[in-house]
Each structure stands twice: as structure tokens, then as C-alpha cells.
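The values are calculated or read from the model by the stated rules, or taken from the named source; none is laboratory data. Bear in mind that the values here come from a model prediction, so they are computed numbers and not experimental data. Because the Cβ atoms are built from the backbone with ideal geometry, glycine has one as well, and the counts that use them run over all protein chains shown. For the accessible areas, the whole protein counts, side chains as well, though only heavy atoms, and no ligand, DNA or RNA atoms are used. Shrake-Rupley method; radii C 1.70, N 1.55, O 1.52, S 1.80 Å.
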Amino acid sequence: MVWYNDRPGCDDIQAQRVSKSGALVSNSFYIANLCPDERRFPDVAYDSTHDQYMVVWERDDDVQAKLISATGIGVTQVFTVAEGYVGLDAASNPHVAYSSTSDQYLVIWQYGGLVGSKIEGQVYDYNGADSGGVIDITLYRSYPSESPPEEPDLAYNRSRN
């Protein structure tokens with residue numbers, strides 16, 4: 001499981017491994033930490049093929065990610081999934097799912113600001129390399145004439161890939 005702590009100016013992403021019976025496995029650990037970044041709203045997906053996890057989160061106006069082994073060791077460094085523009089548009093509300101059939105992750109997020117938003121996505125392989133360009137999942141919709149998409153979520157359907 002993953003969470004963030006709410007320290008002014010220094011929000012960190014932490015994780016804790018939990019057994020199938022609900023027992024804590026070892027100690028909690030940091031995925032991303034140190035000041036002055038604000039990191040929030042993490043999500044995690046498990047890759048059963050490679051026995052690892054992808055953790056995604058919002059950092060200031062960007063979305064970042066990191067691959068973590070099943071024992072809690074970093075497989076990759078932190079990398080940027082989507083960049084926002086300070087004061088204009090932000091990349092926020094990230095979510096991730098893993099496809100065991102295609103051996104890929106899909107990361108989605110909300111992109112926009114005060115005047116509107118859209119939902120975007122990006123496919124990554126098990127090494128954290130992006131596969132192709134950013135996917136526009138919805139069109140950009142602006143306030144107040146339209147109801148922009150917000151707070152996306154994601155699930156994987158193995159039988160349909």
C-alpha cells in the first residue's frame with residue numbers, strides 16, 4: 001500500500017508491504033522524499049510477471065513514477081510521466097494499472113487548470129520505458145460551457161486485455 005504524509009512543503013510518498021493475511025511485512029519505506037517537493041495522491045499497480053510494482057503520484061504540477069521490487073527496493077529512479085506548467089495547467093490525479101497479458105502498465109491522469117481539463121494516458125513497459133506517445137483519452141473541455149472530466153480512475157480487465 002502507498003500513501004503520502006502532509007508535511008508543509010515536504011510531502012513524501014511512503015509504502016508498506018502487507019501479506020495476504022493482512023500482516024505488515026518488514027518496515028514502511030520511502031518511495032520519494034526530501035524537501036522542497038510536494039508529493040501527493042499516490043497509486044500503485046502490481047506486475048505479477050516481474051514481481052514488482054509501479055507507483056505513481058502527483059508532484060507539484062507534474063506526475064511522477066518509480067518501479068519498486070517486491071522487496072521494496074527501487075528498480076528505477078523517479079521519472080516524470082507528465083509535466084504541467086506552473087500557474088497554468090497541471091498534471092494531477094494519476095492512476096496506474098498493469099496488464100499481465102501485454103506486460104505493460106497504463107498510467108492515466110487529469111491535465112488542465114482553471115479553465116478546463118482532459119484525461120491523458122501513457123503506456124510503459126516493465127522497465128519503465130514509455131511505449132509511444134501520450135494518449136488523449138478525452139478531449140479538452142472548458143468551463144463553464146462544458147463539464148470537464150476530472151478525477152479519473154482505472155482498472156484492468158484480464159479477460160479482454
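Pull out the extension gain between Ser100 and Ser147, defined as 0.36 nm times the separation in residues minus the alpha carbon to alpha carbon distance; nm, one decimal. The partial results should precede the final answer.
Numbers: separation 47, 0.36 × 47 = 16.92 nm, distance 3.42 nm.
Using 0.36 nm per residue and subtracting the Cα-Cα distance, I get 13.5 nm.
Could you give me the ³J(HN,Hα) list for the range 108-118, computed from phi with Karplus coefficients 6.51, -1.76, 1.60 and θ = phi - 60°, whole Hz, x at Gly and Pro?
Once θ is set to phi - 60°, the couplings for the range 108-118 become 10, 7, 8, 10, x, x, 6, 9, x, 7, 8 Hz.
Roughly how many debye, to the nearest 20, is the charge dipole of the chain about its Cα centre, given +1 on each Lys and Arg Cβ, -1 on each Asp and Glu Cβ, and no other charges? Please report the intermediate quantities before stating the final value.
On the way: 11 positive and 23 negative charges, 119 e Å.
Value, rounded to 20: 580 debye.
With a 1.4 Å probe and all protein chains left in place, how much of the accessible area of the range 1-78 comes from carbon and sulfur atoms, in whole percent?
The nonpolar share, carbon plus sulfur, comes to 52 percent.
Considering amide H positions built from the backbone, and no H for Pro or chain starts, which residues 5 or more places from Ala90, or on another chain, come under 5 Å of its amide H?
Tyr85, Gly112, Gly113
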